[in-house]
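**Q** Dropping the structure in here first, questions after.
The values are calculated or read from the model by the stated rules, or taken from the named source; none is laboratory data. Quick caveat: nothing in here was measured; it's all calculated off a predicted structure. No Cβ is skipped: glycine too gets one built from the backbone with ideal geometry, and neighbour counts run over all protein chains shown. Heads up: the accessible areas ignore ligands, DNA and RNA and are worked out on the full protein's heavy atoms, side chains in. Shrake-Rupley method; radii C 1.70, N 1.55, O 1.52, S 1.80 Å.
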Amino acid sequence: MENKLSSIYTKKQRRIIGLMSGTSLDGLDVAICHIAGFGEKTDCFLEYHTTIPYLPSFKKSIQKVFAKKKIDFSHLCQLNAFLGNWYAEQINLILSDQKIRPDKIDLIASHGQTVQHIPHPTPFYNRPSTLQIGDADHLALKTGIITFSDFRQKNIAAGGEGAPLAVYGDKILYSSQTETRVLVNLGGIANFTFLPKNNTKNFEITTDTGPANTLIDQYCKKHLHISHDKGGAMALQGKVNTILLKECKLHPFFQKSVPKSTGQETFHLGWIEEIMKTNHLSFLPHEDILTTLSQLTVETLCEEITKVTKNNPFSVYVSGGGSHNKYIMSGITKYFMSNKVETIDVLGMPSEAKEAVIFAILANEALFKIHNPPKISAAPKSIEVSLGKISFPW
């Protein structure tokens, strides 16, 4: 075990597969990366990436346990193993298609599928917690590749909130000597990483800001029987309802200072429906509701960015499914009229691949931290201690 990790550690370059499946439940993002070095000297080349959509029946199975207070525990247990095996099957198919032998892959970094995220202590247990399923032992054994997982759980154990975890990879890949950058990811939940130029004093900030696509997608599914508002087309046809927007923005989460994290446990369709019922807004056209929910994403994201950037010039680079929503992208661009707003693609990273690549980098960092252990007590909330769990294929 130790000899195998040591042999990977001493390589000039490692081939690592990063896996990401987010709260939007779109599917599995897969990135095959070549990574040399570590820390600020990391060099990463993206060899291949793809997104494998979740079938509707599979997505429905996850939704039965996703952010639910009451679940069938046997269903969760079986889904955990099933998902790990499914991940492995997809990797094996990709490697076969790309004519890559499994023994030519050094590591897999699996984010897993989040089904519950509780980033703050609760009265009874007095501990924050998070749960990602997709058992890494099944994944490792079925692929024959050493697998790193449970990054979020390790981060919480070390004193963090378990999300967002992109900051370390963002800093490695996108720090600039000449440009202050805000890297936005619009998945189910919106988050950003702030990277000031010439950053040598660890002033970077990462935080969730609230819903991105999750409320929009939930509304579309329930009321329109479609998966999402493709391209923001319906939002572009409606108008913002100021009452609904104002009531949504009164949520306590938006009053919290950064960094902070959240999920569908907080921002779900039931919350919106209760606001609409209380304020007698059930008559609103679908287009107006989608416009208002999209505007909620824009304003809560941009307001938090403004607090952090403090009127200094910066550039915004957007990734995730929301980067294809023309209403949201237009809204961000209008909000920051004097600053550049682009998708992450202009920096050479396909938007759909970015988060999977980030987790490949985290696995690479974990490998180096195993051989150069950090002093956890010196930095209890640092992403650098988020080594995660290691699953061996034997």
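**Q** Taking a ≥ b ≥ c as the square roots of the Cα gyration tensor eigenvalues, with a/c under 1.5 meaning rounded and otherwise prolate when a/b beats b/c, else oblate, which class fits the range 151-193?
**A** Oblate, since a/c reaches 1.5 and b/c is not below a/b.
**Q** Which value, in nm² and rounded to one decimal, describes the direction-averaged projected area of the C-alpha convex hull of the range 33-81?
**A** It is 6.0 nm².
**Q** Mind giving me the FRET efficiency for Leu250 and Tyr48? R0 is 45 Å, r the Cβ-Cβ distance, nearest 0.05 is fine.
**A** My answer for the efficiency is 0.50.
**Q** Report, in debye and to the nearest 20, how large the dipole of the chain comes out about its Cα centre when Lys and Arg carry +1 and Asp and Glu carry -1 on their Cβ.
**A** That gives a dipole near 480 debye.
**Q** A follow-up question, please. Based on the inverse mean of 1/r over its pairs of different Cα atoms, what is the Kirkwood hydrodynamic radius of the range 214-317, in Å? Intermediate values should be presented prior to the final figure.
**A** On the way: mean 1/r = 0.0677 Å⁻¹.
Taking the inverse mean of 1/r over all distinct Cα pairs, the range 214-317 comes out at 14.8 Å.
**Q** I need the peptides 68-75, 95-102 ranked by packing, meaning the mean over residues of other C-beta atoms within 10 angstrom, with the highest value on top.
**A** Numbers: 68-75: 10.5, 95-102: 12.1.
Going from most to least packed, we get 95-102, 68-75.
**Q** Taking H as built 1.01 Å from N, whose amide H comes closer than 5 Å to the amide H of Leu28, not counting residues under 5 places away?
**A** Amide H neighbours of Leu28, under 5 Å, 5+ apart: Ile52, Tyr54.
**Q** Modelling each spin label as a point 7 Å along the Cα-to-Cβ direction, I'd like the His120/Trp271 distance in nm, to one decimal.
**A** If labels sit at His120 and Trp271, their model points lie 1.2 nm apart.
**Q** May I pose another question? Report the one residue of Asn126, Thr23, Pro102 whose Cα lies farthest in the direction of the positive end of the charge dipole of the chain (charges on C-beta: Lys and Arg +1, Asp and Glu -1; origin at the Cα centre).
**A** Asn126
**Q** How many percent of the alpha carbon pairs in the range 1-108 exceed a separation of 20 Å?
**A** In whole percent, the long-distance tail amounts to 52.
**Q** While we're on this one: Between Lys41 and Lys197, what length comes free when the chain is fully extended (0.36 nm per residue of separation minus the Cα-Cα distance, one decimal in nm)?
**A** 54.5 nm
**Q** Once Lys and Arg get +1 and Asp and Glu get -1 on their Cβ, which of Asn311, Leu284, Thr300 lies farthest toward the positive end of the dipole of the range 260-317?
**A** So the residue we want is Asn311.
**Q** Would you kindly give the portion of the calculated P(r) for the chain that falls above 29 Å, as a percent of all Cα pairs?
**A** On the way: 32233 of 77421 pairs.
In whole percent, the long-distance tail amounts to 42.
**Q** With the full set of protein chains in place, find how many percent of the accessible area of the chain is carbon and sulfur; take the probe as 1.4 Å.
**A** C and S fraction of accessible area: 55 percent.
**Q** Mind giving me the FRET efficiency for Lys64 and Asp137? R0 is 25 Å, r the Cβ-Cβ distance, nearest 0.05 is fine.
**A** Working from the Cβ atoms, E equals 0.60.
**Q** Further question: Rounded to the nearest 500, what is the 222 nm mean residue ellipticity of the chain from helices alone, with -39500 (n - 2.57) per DSSP H run of 4+ residues and division by all residues?
**A** Per the formula, -11000 deg cm²/dmol.
**Q** While we're looking at this one, here's another question. With +1 assigned to the C-beta of every Lys and Arg and -1 to the C-beta of every Asp and Glu, and no other charges, what is the dipole magnitude of the range 265-348 about the Cα centre in debye, to the nearest 20?
**A** The dipole of the range 265-348 has a size of about 340 debye.
**Q** On a full-extension model of 0.36 nm per residue, what is the gain between Val258 and Ser57, subtracting their alpha-carbon distance, rounded to one decimal in nm?
**A** Length gained, Val258 through Ser57: 68.7 nm.
**Q** Still on this structure: Between Thr242 and Lys221, what's the calculated FRET efficiency when r is the beta-carbon distance and R0 is 22 Å? Round to 0.05.
**A** Numbers: r = 26 Å, r/R0 = 1.17.
The pair Thr242/Lys221 has a calculated efficiency of 0.30.
**Q** What number, in nm² with one decimal, is the all-direction average of the projected area of the convex hull of the alpha-carbon atoms of the range 46-109?
**A** Details: hull surface 22.5 nm².
For the Cα atoms of the range 46-109, the hull's average projected area reads 5.6 nm².
**Q** What is the set of long-range amide H partners of Ala166 at a cut-off below 5 Å, with H atoms built 1.01 Å from backbone N?
**A** Result for Ala166 returns nothing.
**Q** Distance cut-off 27 Å, Cα to Cα: go down the list Lys68/Lys142; Lys70/Lys154; Lys154/Lys310; Lys326/Lys354; Lys104/Lys260 and report the pairs above it. Show your work: numbers first, answer last.
**A** Numbers: Lys68/Lys142 30 Å; Lys70/Lys154 25 Å; Lys154/Lys310 32 Å; Lys326/Lys354 20 Å; Lys104/Lys260 39 Å.
Checking Cα-Cα distances, Lys68/Lys142; Lys154/Lys310; Lys104/Lys260 exceed 27 Å.
**Q** Quick check: residue separation of Lys389 and Ser96 times 0.36 nm, minus the Cα distance between them. What number comes out in nm?
**A** Length gained, Lys389 through Ser96: 102.8 nm.
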